[in-house]
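K.L.:
Quick one: structure below, then a few questions.
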Amino acid sequence: MAKNLEISFLLDFYGDMLTDKQRDVVELYYNEDLSLAEIAQHTKITRQGVRDSIKRGEAILFEMEEKLGFYEKYHDIGQKVNEVLNLTENIRDINSRHCRSVEISEFCDDIQAVLSPLSEQK
């Protein structure tokens, strides 16, 4: 089974929509990188049962994302934050070459202070 890393993100958003057993199995598979056999031994269910539980869990996660789109919105916001941070750097650069306004520089600092924790560039 090829691993889709998007599942780890979807699990953060929609993991509570899964049963406890499904969530545990999906977390072990995607976040802990355990094999199906290792998960089967850990959870005391068959390897096929683990596979089925993962597939059902994935289907629920994808269905929730399709209906609600939280992960996509979160990702889009992160990209927009990065764009604003890049534009802020451009403003800072132009300011330093042309007008040298302390006020503009301080506004750029304020923008970066607010948006940096939200940035995807971490």
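Every number here is computed from the coordinates shown, using simple stated rules; none is lab data. Just so we're clear, the structure is a prediction, and the values are computed from it rather than from any experiment. For neighbour counting, all protein chains shown are included, and Cβ atoms are generated from backbone atoms with ideal geometry for every residue, glycine included.
K.L.:
About the Cα centre of region 5-122, how large is the charge dipole given +1 on each Lys and Arg Cβ and -1 on each Asp and Glu Cβ? Please answer in debye to the nearest 20.
P.N.:
280 debye
K.L.:
Under a point spin-label approximation (7 Å from Cα along Cα-to-Cβ), what is the ASP52-ALA113 distance to one decimal in nm?
P.N.:
Taking the simple label geometry, ASP52 and ALA113 are separated by 5.7 nm.
K.L.:
Evaluate the distance, in nm, between pseudo-label points positioned 7 Å from the Cα of GLU66 and of MET17 along their respective Cα→Cβ axes.
P.N.:
Calculated label separation equals 1.1 nm.
K.L.:
Please list 3J(HN,Hα) in residue order for region 101-116, calculated via the Karplus relation 6.51 cos²θ - 1.76 cosθ + 1.60 where θ = phi - 60°; whole Hz, with x for glycine and proline.
P.N.:
Karplus values, whole Hz, x for Gly and Pro: 7, 5, 5, 5, 4, 5, 4, 4, 4, 4, 4, 5, 5, 6, 8, 4.
K.L.:
Would you work out the relative contact order for the chain, in percent, from Cα pairs under 8 angstrom that are 6 or more residues apart?
P.N.:
Rounded, it is 23 percent for the chain.
K.L.:
Now, a different point. Please compute P(r) over all alpha-carbon pairs of the chain, binned at 5 Å starting from zero, and give each bin as a whole-number percent.
P.N.:
Histogram of Cα-Cα distances, whole percents per bin: 2, 11, 17, 14, 11, 9, 8, 7, 7, 6, 5, 3, 2, 0.
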